[in-house]
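Enquirer: This structure is in structure tokens; I'll ask about it shortly.
The values are calculated or read from the model by the stated rules, or taken from the named source; none is laboratory data. All of these numbers come straight from a predicted model, not from anything done at the bench. Please note: Cβ atoms are built from the backbone with ideal geometry, for glycine as well, and neighbour counts cover all protein chains shown. Quick note on the areas: whole protein, heavy atoms, side chains included, nothing else; ligands and nucleic acids left out. Shrake-Rupley method; radii C 1.70, N 1.55, O 1.52, S 1.80 Å.
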Amino acid sequence: MSNVDVKIKQYEDKFQELKMAFQDRAILQTGITVSRIMDNLERIALDFDLGDMPYAKGARFDPDKGCLPGTREAIIDEITQWVNSPDGDNVSRIFFLSGVAGSGKSAIAHAIAHLFDQQMRLGSSYCFDRADQVNRRPSNLLSTISLNISDLDQNWKTCLCNTIKGNRSLCTTLSVTEQFKKFILEPAKALTTVGPILIVIDAMDESAEEVSRKTLLDVLAKGISDLPSNFRFLITARPERDIINAFSGNQHIFRKHMNTIDEASNDADIALFIESQLSGVYSLELEWPNKHWCRMLIESSGGLFQWASTACRAIKETKGGLRPTERLSRFVSSGQGLDELYIEVLHQAFDPEDDTVMSRFRSVMGAILVTRIPLSISTHPELRADDDPADLVELIVQSLGSLLSGVNQPHIPIRALHASFFDFLTDPGRSKSYYVDPFHHHRTLTLSSLRIMKLGLRFNICGLETSHIRNTDVPGLNTRVEKAIAQHLSYACIFWANHLIVTEYDAEILDEITNFFHCRLLYWLECLSLMKRVNVASRILHLILGWNQYTNDDVASFAKDAAKLVSAFGPAISQSTPHIYLSALSSAPERSRVAEHYRPLFPKILNPRRGKANDWPAIVAVIEGHTDYVNSVAFSQDCKRIISGSYDRTICVWDSETGDVVIGPLEGHTNWVSSVAFSQDGKHIVSGSYDQTIRVWDSETGDVVLEPLEGHTSGVSSVAFSQDGKRIVSGWGDQKIRVWDSETGDVVLGPLEGHTSWVNSVAFSQDGKCIVSGSYDKTIRVWDSETGDVVLGPLEGHTNWVKSVAFSQDGKRIISGSYDQTIRVWDSETGDVVIGPLEGWHTSLVESVAFSQDGKRIVSGSGDQTIRVWDSETGDVVLGPLEGHTCPVSSAPGGDLGDIFNENTKLEGGWLVNSSSCLLCWVPSWNRNRLYWPRTLLVIGRDAPPTQLDLRNFVHGYSWHKCKA
């Protein structure tokens, strides 16, 4: 081989070597890139899975609200040493700092949070705000904390995601107890972060009313020791009685009051703060040399940082025609205390003798006080009357920079710099000439809200392209909502009826409401759907009815019918906005007031060819979610919620309008849940189970408020609250009845003995003096609820088990239903049968009976799968049988329903979906069993035609917006 060939061979080998190296490096680089992409995708997936958890936006600490450097050094050092102290059983887990309003607790909390955030040791900070309780509340505290910690520790995030994955009801639970267990304790097991993790909770006293924060306080006080030993909680609050009691006598909680801080040290800190704020105001030193002006302010502050802070801001104020020296003189001569300071600040800005000025002040501040959430200086003018000057809000609040935040920033909500200022304004004894009566401002806000909706609501407001997907799957929907639905329009849609209901009836408002129903009702539902607030629609409609009091028939008929529309189609409306038109409007009954008015405006929606109801069926909604038989259900007193107990051992609380699970599934019972009931005030739930226990739950959070009530040797068949909610009665399989104290869980009466078989039903009379019981021994007994004596009975007459008993509202009658297929009404004093036996109507056992509120009607449910309503005076059937719990079928000819509704179409959770899971339409509950499918050759039934869909003019998918004329 020649030298040339050798050289060529060498080059070839070298090129091959380089090629291999390049390929290997490319493969390695590709692998690294793919790995990074997969890691990013995994992180994105985790964040997406956690996206539905309740999170309080804006609740984080504010570095600008912390302590001035050089102040509060002793207490900050004490807290820092406590956070960094070695882990151990003797170390307190909670540092509870309490003090009166204005003593500087929050500044310390913000400073500590900022300090440990810089050290990457802040797990979470959460600042409650009385003015923003809608967004910052006990029910989203722990979920917010967990999400914040997940950003600090990846293992925590992964565990949290695995805990909630595939369980949307858990993801959105409002139960503080369940949140603590699932969102805090479970992820804590996977925590890898070494060293202290600090959680700061500021202003606990502003979280909610005492009853609403009780469970949170209990969970924190009792559950804190179950967390890893490196967790520390700093909590600040005013010394409210319930908070002090919750945090007392616990070895894991260290308590410190602001008044224990050395007075000299406190004054020195206030002096340092005052000097830092006013050192540039040279006229003060000229007037009072050697910093005498500073000592004057310290003495007047009474040791309150808030007094000093407010005074300093006001002294630097350039508006109002007073020199800084004159302002200071007036402040120190006004006397000690925040109230005196507030009056002086207001006096310097607004002359109480000037009627025009004071009228404007009360008008603007009244609106700020009554809005349900804090609004910005740019939003407030939109909610004012048309004839108000455009700059009125700015004109008033710009003089209150020492008392309010957001006065110089157009898009920042206006808030009191300290909660005590709003308390002061609404107390005439404290604020005197500057008292603001909030009541008079509701009418203006009602009319302004209606005007805003008239101008802002429109069809397809967010430009949704397709009807085939749920709102949650629309790309960038949150951004679209923020752009299309301005803050004032959002506020108007959600809160207008809150102002209406406290406004006197008048013709102007009535005209606007009539116009609203005639022109914008469906567009309003659009906004609620997009903002995830469909659950407020029914409440608003019932508030309108309450305000109208049936004075105007048109408004009453619209409001009642719209409430039924929301009740029947709540799931569809809340899940996919286009289906307000494509499903709800199209499938509403023929004589629906809303459908009659709006259907001509939307000609290209689905039109059931056959099977459309003429009127709203008695069954307007079917709620699904339990995995076994539902054994017991009950409405709350305000009808906003439904509770259910099931053989699947769980309890659920449902929104009665949307069908969404709002609490639960509540777990704890180890056998079938046989009976559930709400307390009269709706705050508690009682449940009885075949596991031989009774449990009491908080109906807002789902937390267990009492340890399981035990003592019986057989399953609990029936439970009920007394009218005042203080007692619970239970019937058992051991033939006995017990009465319990609902607060302590103690047995206060019983066991009451007399029945010779299972006690199947128990109930209190309205006045709480008597208890009625029905038994498998075929008898009924009435007991004195104080002594336990039998005052009536045994009442005999039924020939089979007594399944259900109840008192009338006036307590004069008792109703009973039996397995003998009859119903009887008894005189509660004599025991005589006054009506019945009502027989020959139900063809199977009578499972449940109840009186209407006015006592004129009786409702019964039976094993024959029907419900009947009876006249309680005559025993005549006045309504029924109401059917829908079977699967009745009908007969109809076949037909071609088009490509979208074919053999691949199926019904999932009320939705007709195609093979690609696209949403075609929502089928109301009363049409599902009779739905005529293309693949069906013959359908035979006894009483109703099938639901046959006419799709010839139906526009959907990317053409859905063409449904409007």
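Enquirer: Please give the solvent-accessible surface of PHE764 in Å², to the nearest 10, using a probe radius of 1.4 Å with every protein chain present.
Expert: Here the residue's solvent-accessible area equals roughly 20 Å².
Enquirer: With charges set only on the Cβ (+1 for Lys and Arg, -1 for Asp and Glu), what does the dipole of the chain come to about its Cα centre, in debye to the nearest 20?
Expert: It comes to approximately 2620 debye.
Enquirer: Also, I was wondering about something else. Would you tell me the accessible area of GLU17, worked out with a 1.4 angstrom probe on the heavy atoms of the protein chains, in Å² to the nearest 10?
Expert: Here the residue's solvent-accessible area equals roughly 110 Å².
Enquirer: Return the long-range amide H neighbours of SER689 (sequence gap of 5 or more, or a different chain), with a cut-off of under 5 Å between placed amide H atoms.
Expert: Amide H neighbours of SER689: SER674, VAL716.
Enquirer: Now for a different question. Work out the FRET efficiency for LYS812 and THR670 from their Cβ-Cβ distance, taking R0 = 35 Å, and round it to the nearest 0.05.
Expert: 0.30
Enquirer: How high is the relative contact order of the chain? Use alpha-carbon pairs under 8 Å, at least six apart in sequence, and give a whole percent.
Expert: Numbers: 1882 pairs, mean separation 68.9, N = 965.
Relative contact order, the chain: 7 percent.
Enquirer: Continuing with the same structure: With a/c under 1.5 counting as rounded, go ahead and sort the stretch 355-436 into rounded, prolate or oblate using the C-alpha gyration tensor (a ≥ b ≥ c being the square roots of the eigenvalues; past the cut-off, prolate if a/b is larger than b/c, else oblate).
Expert: oblate
Enquirer: Compute the semi-axes of the equivalent ellipsoid of the stretch 262-349, taking the square root of 5 times each eigenvalue of the Cα gyration tensor, and list them largest first in whole Å.
Expert: For the stretch 262-349, the semi-axes come out at 19, 16, 10 Å.
Enquirer: Excluding HIS257 itself, what net charge comes from residues whose Cβ is under 12 Å from its Cβ, given Lys and Arg +1 and Asp and Glu -1? Intermediate results must be reported in sequence, preceding the final value.
Expert: Values: positive: LYS105, ARG238, ARG255, LYS256; negative: none.
Cβ neighbours under 12 Å give a net charge of +4.
Enquirer: Please name which of HIS114, ILE815, TYR435 has its Cα lying farthest along the dipole of the chain towards the positive end, using unit charges on Cβ (Lys, Arg +1; Asp, Glu -1) and the Cα centre as origin.
Expert: Going by the charge dipole, the pick is HIS114.
Enquirer: Cα centroid distance between the stretch 825-862 and the stretch 707-757, in Å?
Expert: If we compute the Cα centre of each part, the gap is 24 Å.
Enquirer: A further question follows. In straight Cα distance, which lysines are under 16 Å from LYS604, not counting same-chain residues fewer than 8 positions off?
Expert: LYS962, LYS964
Enquirer: Another one. Ranked by accessible surface with a 1.4 Å probe, highest first, in what order do HIS961, HIS597, HIS441 come?
Expert: HIS961, HIS597, HIS441
Enquirer: Can you give me the Cα centroid spacing of the stretch 498-543 and the stretch 355-414 in angstrom?
Expert: Spelled out, the Cα-based centre of one part sits 25 Å from the other.
Enquirer: Efficiency by 1/(1 + (r/R0)^6): what FRET value for THR472 and ASP354, r their Cβ-Cβ distance, R0 = 45 Å, to the nearest 0.05?
Expert: Efficiency at R0 = 45 Å is approximately 0.25.
Enquirer: If you don't mind, another one. Among (i) 64, 37, 33; (ii) 53, 41, 34; (iii) 58, 40, 36, only one was calculated for this model; which label is it, if the read-out is semi-axes √(5λ) of the Cα gyration tensor in Å?
Expert: Here the calculated entry is (ii).
Enquirer: Using Stokes-Einstein with the Kirkwood hydrodynamic radius over Cα pairs, what translational diffusion coefficient do you get for the stretch 632-720 at 25 °C and a viscosity of 0.890 mPa s, in µm²/s rounded to a whole number?
Expert: 194 µm²/s
Enquirer: What is the projected area of the convex hull of the Cα atoms of the stretch 754-886, averaged over all directions, in nm²? If you can, show how the numbers build up before the last one.
Expert: Numbers: hull surface 29.7 nm².
For the stretch 754-886, the mean projected area of the Cα convex hull comes to 7.4 nm².
Enquirer: Between THR479 and GLN680, what is 0.36 nm times their sequence separation minus the Cα-Cα distance? Round to one decimal in nm.
Expert: Working it through step by step, the gained length comes to 68.2 nm.
Enquirer: Per the helix-only calculation at 222 nm, which mean residue ellipticity applies to the chain, given -39500 (n - 2.57) for every DSSP H run of n ≥ 4 and division by its residues, nearest 500 deg cm²/dmol?
Expert: -10500 deg cm²/dmol
Enquirer: Still on this structure, I have one more. Let me know the charge dipole size of the stretch 265-373 about its Cα centre in debye, to the nearest 20, where only the beta-carbon of Lys, Arg (+1) and Asp, Glu (-1) is charged.
Expert: Values: 11 positive and 15 negative charges, 75 e Å.
The calculated dipole for the stretch 265-373 is roughly 360 debye.
Enquirer: Rounded to the nearest 0.05, what FRET efficiency is calculated for ALA556 and ASN290 with R0 set to 60 Å and r the Cβ-Cβ distance?
Expert: With R0 = 60 Å, the Cβ-Cβ based efficiency is 0.20.
Enquirer: With all protein chains present and a 1.4 Å probe, how do TRP801, TRP826 order by accessible area, largest first? Walk me through the numbers on the way to the answer.
Expert: Values: TRP801 95, TRP826 5 Å².
Order by accessible area, largest first: TRP801, TRP826.
Enquirer: Let me ask something additional. Regarding the stretch 440-607, what whole-number volume in Å³ per residue does the convex hull of its Cα atoms give?
Expert: Spread over its residues, the Cα hull of the stretch 440-607 gives 101 Å³ apiece.
Enquirer: Counting Lys +1, Arg +1, Asp -1, Glu -1, what net charge surrounds THR80 among other residues with beta carbon under 15 Å of its beta carbon?
Expert: 0
Enquirer: With only Lys, Arg, Asp and Glu charged, each at its Cβ (+1 for the first two, -1 for the last two), find how big the charge dipole of the stretch 355-436 is about the Cα centre; round to the nearest 20 debye. Don't skip to the end; give the middle numbers.
Expert: Details: 7 positive and 9 negative charges, 72 e Å.
Its charge dipole is roughly 340 debye.
Enquirer: Which value, in Å² rounded to 10, gives the accessible area of CYS519 with a 1.4 Å probe and all protein chains present?
Expert: Looks like 60 Å² after rounding.
Enquirer: Which semi-axes, in whole Å and largest first, does the equivalent ellipsoid of the stretch 50-124 have when worked out from the alpha carbon gyration tensor as the square roots of 5 times its eigenvalues?
Expert: After scaling each eigenvalue by five and taking roots: 22, 19, 13 Å.
Enquirer: What is the angle, in °, between the Cα long axis of helix 553-575 and the longest principal axis of the Cα atoms in the chain? Nearest 10 is fine, range 0 to 90.
Expert: 80 degrees
Enquirer: For ARG727, ARG384, write out the residues from largest to smallest accessible area, computed with a 1.4 angstrom probe and no ligands counted. If you can, show how the numbers build up before the last one.
Expert: Working: ARG727 40, ARG384 20 Å².
So the residues, ranked largest to smallest area, are ARG727, ARG384.
Enquirer: Under 5 Å between amide H atoms, partner at least 5 residues away or on a different chain: which partners does VAL662 have, H built in plane at 1.01 Å?
Expert: VAL653, TRP654, ASP655
Enquirer: Further question: Output ³J(HN,Hα) for the stretch 239-244: one whole-Hz value per residue in order, computed from phi by the Karplus curve 6.51 cos²θ - 1.76 cosθ + 1.60 with θ = phi - 60°, and x for Gly and Pro.
Expert: Result, ordered by residue: x, 6, 4, 5, 6, 4 Hz.
Enquirer: Could you tell me which residue out of ILE298, GLN948, ASN800 lies farthest along the dipole of the chain toward its positive end? Charges go on the beta carbon: Lys and Arg +1, Asp and Glu -1, centred on the Cα centre.
Expert: Comparing the listed Cα positions along the dipole, GLN948 ranks first.
Enquirer: How long is the gain from VAL134 to THR843 if the chain were fully straight, where each residue apart is worth 0.36 nm and the alpha carbon distance is subtracted?
Expert: Length difference between fully extended and current span is 250.2 nm.
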